[in-house]
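In what follows, a structure is listed as structure tokens, so that the remarks can point back to it.
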Amino acid sequence: MIEDARSRWSPVLLAVLAAVAALAVLAFRPPAPVADAPADAFAAGRAEEHLREIAQRPHPIGSADNERVRDHLVRTARDLGAEVTVESDDVVHRWRDVERVATAHNVVARVRGSDPALSGGKALLLVAHHDSVPTGPGAADDGAAVAAMLETLRALTTSGVRNDVVFLFTDGEEAGTLGAEAFVRRHGVGGYGAVLNWEARGSGGPVWMFQTGPGNGPLVDAFAGASSRPIANSLAYEVYRRMPNYSDFSVFLDAGARGLNSAFIEHVHDYHSPYDDLERLDRGSLQHHGETMVGLVRALGDRDLRTVDGSSAVYFDLFSRVLVHYPVWFAVVLALLTALGLGAALFVRRGRLAWRRVLFAAAVSAGAVVVAGGAAFGVWALVAAVRPELGFLALSEPYERGWFVAGFLLLGLTALLAAVRPLRRCTRTEALAGALVLTAVLLVASALVVPGASFLFQWPLLLGLPALWSPRLFVLPPLAAAVVHPPLVGTLLVALGMPLAAAGVVFALLAGVLLLPLLIDLPRFSAPVAAALAVALVAVGVVRVDFTEAEQRPNSLIYLQDGGTGESSWLSADPRPDEWTSRVLGDDPERVTLTDEYPMLTTGLMRADAPDLDLPAPTAELLGSTTGERRTVTFRVTPTPSAWRTQVTLPAGDCRTGDLELGARVLELYGSAPRDLVCELDPGAPLTVVLADHSTGLPPRAAALVGPRPGDTMPVQSGNRAFDAALVRAVFRL
């Protein structure tokens, strides 16, 4: 009788669970922006005034606009009463087989606390980078954080804290964390109790604390109360620390600092593009940045920063409003006890549960997860083959991604509904027990290997134990999952992009298997209907992949003038020619790889002959040469005024610039200022220096040859593939 009643209520319970999941997803958004606020609080409206100055134009390291932004930061921070210094350091950063050489200008603004002895002189350090990429004005990345820090500084000076607070505006993050490396080399991290770094990868969404370090418990506790929406989960930390990504925070973490790294990551099509501007920026994201900053400064500014190094934490948010957190040791103990509790419950109920059917249900649950993940991966591979235009987009991310997200999640539901058929030989309790056995295995494995992920399995399993005794409680395990999993799955789909959507589907199915007892009595045609809907949604997404003035195709052209060979070329790293690039490339251009000559061109290229425009070239001027046991050559590299960076290729030998030793044959010098280099060679050995200026955007005469870009296209973003530029190569024998 109870089983029959449960069958009748299953659709209602499924609807309730869907509503809870929807609420969890809808709650994942930034707070509303505030135009004005009390003097000691944060207001996005006030921060926006700084952002208007910062994000006027691209301002990469070494550029005149970089200096303009730097001057604004210095002037504003001094006017607010901070002690401000500009620290200029030469930095060498190894990237693959290239050494990047630049002068980083960090702006350091210190607000004195009322009782710095509280923390033994340790200060709180807030970090954001003031440079942008050369292809975008950087309103979000990282202008929003820079403007929020200035507004936070203002709020702090109206109502101070006991500890010193240092606001560090680093230079050269986009060129490889150059400013952060210079700061750590100059100061170390011993004088700072905690480092709070702020970033963006897109132009909107809530601020998400995605990275921390060991011993993070006290900082996570502070973060929990820092804003109205403390959004974070320790799974992100576990994933991110295993990825090759980096930010300024990586430099501080590697040096032994304690801290938090936060960012908003939605609307990736604006990232590093000309549309990373004030118009596209989500003001709620700006508000969330600043609200969290002010909250953390208040929370940490009045405590002994020597105590922020504690036990590591497992943490996750509920409806983006409450951050649950507890020590890793507690998570491990609780996981083992919960798994033992499941074993005890199954043993006690062995007369009512058939072990073979329970293990069969566990195997079917695991199979559904694997099948769903494989199906999502395969379907996306098919989509990419049918619509190669997706290769033009950042992360191959469709503009109308919702069709694909819905389709992939329905593929997961199809796998669950298909798994129900073989489970009809099981009772609902056995189906639930099987799903809980799988959850227990994952819980114990995660608690021991990746404890930050254990919360995903801990609470559904714990709430599943009483459900083994009463069918009325079957809803509890999926209810716990419906609160925690949906926003996390959504974030994974945004962070990893559609090509890795299978990862999001797998995490969705790890929660979905808990629904199996409620799905058993759904009509047999449910799986085919879900499959048909999934295919239909993906098909609609495929058909709607198109490019318009509102949803533009990124494309690029490079003009290469090679003074060494006397030849000039049009180049493009796009997948294939389009209406614009084919004007100079033709419909079937030559395919080449130039990575050996130009390491910045990391992918295959399309190439066609171009006219010689006689563009200005960089120069290498001999300053001096001495011969003894070694030949010492001193020379000066002078880029053209429009150069963003200059590639310098040297022969084998020992070279340096100033006090910096250079270990690579290929250098990248950032900015247009001249730089002197010294090389030690074998006696009588010639010094051949190959220079290549890299300027952002096509030169006017080259742009005139190709004509205006169509309205449904946009320049490729920095970091996605080679973008619009001029390369001018020259060879010198000194």
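The values are calculated or read from the model by the stated rules, or taken from the named source; none is laboratory data. This one's a predicted model, so the numbers in the text were calculated from it and none came from an experiment. Cβ coordinates were reconstructed from backbone atoms using ideal geometry, including for glycine residues, and neighbour counts include every protein chain displayed. Keep in mind that these areas ignore ligands, DNA and RNA; they rest on the heavy atoms of the full protein, side chains included. Shrake-Rupley method; radii C 1.70, N 1.55, O 1.52, S 1.80 Å.
Some points to look at:
- No other residue among L436, L390, L410, L443 is modelled with pLDDT of 95 or more and touching a Ser or Thr at 6+ places or on another chain (Cβ under 7 Å) apart from L443.
- When the helices (runs of 4 or more DSSP H) confined to the range 442-520 are screened for residues that are among the small types (G, A, S), those reaching at least 2 such residues are found at 455-467, 476-496, 501-512.
- Of the residues making up the range 724-734, just one is outside any strand (DSSP E or B) and at pLDDT below 95, namely L734.
- Test: D587 is closer than 19 Å to V706 by Cβ, part of a loop (DSSP other than H, G, I, E, B) and not aliphatic (A, V, I, L, M): yes
- Some residue of the range 342-351 being more than 23 Å from V146 (Cα to Cα), open to solvent by 70 Å² or more (accessible area, probe 1.4 Å), among the charged types (D, E, K, R) and modelled with pLDDT of 95 or more: no
- For the range 81-118, filtered to residues that are over 26 Å from T638 (Cβ atoms) and small (G, A, S), the residue that is nearest to the chain's Cα centre (by Cα) is A109.
- Test: P466 is open to solvent by 30 Å² or more (accessible area, probe 1.4 Å), within 25 Å of W9 (Cβ to Cβ) and touching a helix residue (DSSP H, G or I) at 6+ places or on another chain (Cβ under 9 Å): yes
- Test for R46: is it of a type outside the set (D, E), modelled with pLDDT of 95 or more and part of a helix (DSSP H, G or I): yes
- For first residues located in the range 513-536 and within 30 Å of F457 (Cβ to Cβ), partners that are at pLDDT below 95 and of a type outside the set (A, V, I, L, M) and lie 6+ apart or on another chain with Cβ distances below 7 Å form the pairs P517/R428; P517/F474; L518/S10; L518/F474; I520/R424; I520/R428; D521/S7; D521/S10.
- Taking the numbered list (1) more than 30 Å from A435 (Cα to Cα); (2) crowded, with 24+ Cβ neighbours inside 10 Å in turn, D317 passes all entries but (1).
- For the range 64-82, taking the residues that are part of a helix (DSSP H, G or I) and of a type in the set (A, V, I, L, M), the one that is surrounded by the fewest Cβ atoms within 10 Å (Cβ to Cβ) is identified as A64.
- Only one entry in A445, A381, A385 is of a type in the set (G, A, S), free of Cβ contacts under 8 Å to residues at least 40 places away in the same chain, more than 25 Å from G490 (Cβ to Cβ) and surrounded by fewer than 19 Cβ atoms within 10 Å (Cβ to Cβ), namely A385.
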